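Below: the structure, in structure tokens.
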């Protein structure tokens, strides 16, 4: 047998792509597979338990069917394990797949999962939980939560500019950011972002020099306040390099400590988490292995 001995599929049953899960099953079983483990879950929060079960049963290859939330939960459970992961981007947001060049095309995504190149990827880890794309607190959380999907379909990236400008009436909270043990920023900040890849929410290329396997996390702080400053900042992120905005500071680090003046909701890979006054983040080099286009 040349293919993986044990393949596990962990699927968000409410997500769709191509011919759906029936087509996925046909294409997987058409490969040279020994044992097939099949798990369907109703929500991404149920994925980690199934991922750990698949690893315990000796899965060589785990296929994740869903969007960024589903992928993030699965990667968090499989970090540090000797398992190869294939991403089948069946969600509404597929930022990790997009950054890795995995298309929203079921036959091609399955082909890549079985026959693509193995690429070790770093993960970020915030307050004990891994992320693959980005983590953030502040303005970005509102932008993700309330972006109008109909407007997004019509206007693409500019929808996020429009939606974002609805959330600029509040004053920016006080923030202290330490990178690798040194205070790097202290003052009012409307948004703090940590990135593992370049393209984030809304297809905006926020971290122009990011690579998901370079052993670093990108760190960005925005000091923009008010509609005019945010319009300039978001416009710059859409059409040019983010670090050229006068309201953006960027660096990279291996360890980041963000202290907020008041508890704020934060997000990981587009999924909201509980409120926190402190975000402790670190990069985990080569935490997972993912199949990507050759």
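Among 177, 62, 110, sorting on how many other beta-carbon atoms sit within 10 Å of each Cβ, with the fewest leading, yields 110, 177, 62. Note on residue 5 and residue 105: the model spin-label points, each 7 Å out from Cα along the C-beta direction, lie 3.4 nm apart. Each of 92, 289, 84 was scored by other Cβ atoms within 10 Å of its Cβ. Listed from fewest to most, they are 92, 289, 84.
The calculated FRET efficiency for the pair residue 16 and residue 183, based on their C-beta separation and a Förster distance of 35 Å, comes to about 0.15. For region 1-62, the gyration tensor built on C-alpha atoms gives an oblate shape. Its axis ratio a/c (a ≥ b ≥ c) is at least 1.5, and a/b is not larger than b/c. In plain terms, the chain from residue 55 to residue 127 could stretch by 23.6 nm, reckoned as 0.36 nm per residue minus the Cα-Cα distance. A simple spin-label model places the labels of residue 278 and residue 25 4.9 nm from each other, with each point 7 Å out along Cα-to-Cβ.
Fewest-first ordering of 131, 114 by other beta carbons within 10 Å of each residue's beta carbon gives 114, 131.
Quick note: the coordinates plus some simple rules give every number you see, no bench work behind them. If you're wondering where the values come from, they're calculated on a predicted model, not measured in any experiment. Cβ coordinates were reconstructed from backbone atoms using ideal geometry, including for glycine residues, and neighbour counts include every protein chain displayed.
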